[in-house]
Amino acid sequence: MSHELRTPLNAIIGFSQVLHEKYFGDLNDKQSEYVTDIVDSGKHLLSLINDILDLSKIEAGKMELEVSEVKISDLLQNSLVMIKEKALVHSLSLDLQIAENINGTKIKGMSEGSSR
């Protein structure tokens, strides 16, 4: 399943990056904007697919979770990415403002351990 999902998506990301880097000529402003959106959306989708595949490994008992320290700012930024797409569908704009006094603060959370 992993191969069937990742291979076509990696092709989309790769070809759109070739266009983005203008290997075969210049793009107009609108084309450049769209290609940037394709690259960003492809990377986001790949990240979501990886997360789903990781969750299925965890549920199947093929991956262990371990407690580790996580920066609160990283956790909040990753959470924002996950809900920002849904907010855009409803014409909502989300911004993240992290207070300076918690910017480097860490908490204990679960992270990916070893695969079995």
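The values are calculated or read from the model by the stated rules, or taken from the named source; none is laboratory data. Here the structure is a predicted model, which means the values were calculated and not measured. Neighbour counts are summed over all protein chains in view; Cβ atoms, including those assigned to glycine, are modelled from backbone coordinates with ideal geometry. Remember, those area values only see protein heavy atoms, side chains included, never the ligands or the DNA or RNA. Shrake-Rupley method; radii C 1.70, N 1.55, O 1.52, S 1.80 Å.
A few points about this structure:
- The one condition from (1) surrounded by 14 or more Cβ atoms within 10 Å (Cβ to Cβ); (2) in a loop (DSSP other than H, G, I, E, B); (3) modelled with pLDDT under 90 that residue 27 does not meet is (3).
- Residue check for residue 113: at pLDDT 80 or above and within 26 Å of residue 6 (Cβ to Cβ): no
- Residue check for residue 33: in contact with a His (Cβ under 8 Å, 6 or more places away or on another chain) and acidic (Asp, Glu): no
- Residue 84 meets each of the listed conditions (1) touching a residue at least 12 places away in the same chain (Cβ under 8 Å); (2) of a type in the set (D, E, K, R); (3) open to solvent by 50 Å² or more (accessible area, probe 1.4 Å); (4) assigned to a helix (DSSP H, G or I) apart from (1).
- Filter result for residue 35 (in a helix (DSSP H, G or I), in contact (Cβ under 8 Å) with a residue 12 or more places away in the chain and open to solvent by less than 90 Å² (accessible area, probe 1.4 Å)): yes
- Qualifying positions in the stretch 38-76 - outside any helix (DSSP H, G or I), acidic (Asp, Glu) and in contact with a helix residue (DSSP H, G or I) (Cβ under 9 Å, 6 or more places away or on another chain): 64
- Verdict on residue 58 being free of Cβ contacts under 8 Å to residues at least 24 places away in the same chain and touching a strand residue (DSSP E or B) at 6+ places or on another chain (Cβ under 9 Å): yes
- Residue 12 being among the β-branched types (Val, Ile, Thr), farther than 30 Å from residue 97 by Cα and more than 17 Å from the chain's Cα centre (by Cα): no
- Any hit, the stretch 92-102, residues being in contact with a Lys or Arg (Cβ under 8 Å, 6 or more places away or on another chain), open to solvent by 100 Å² or more (accessible area, probe 1.4 Å) and modelled with pLDDT of 80 or more: no
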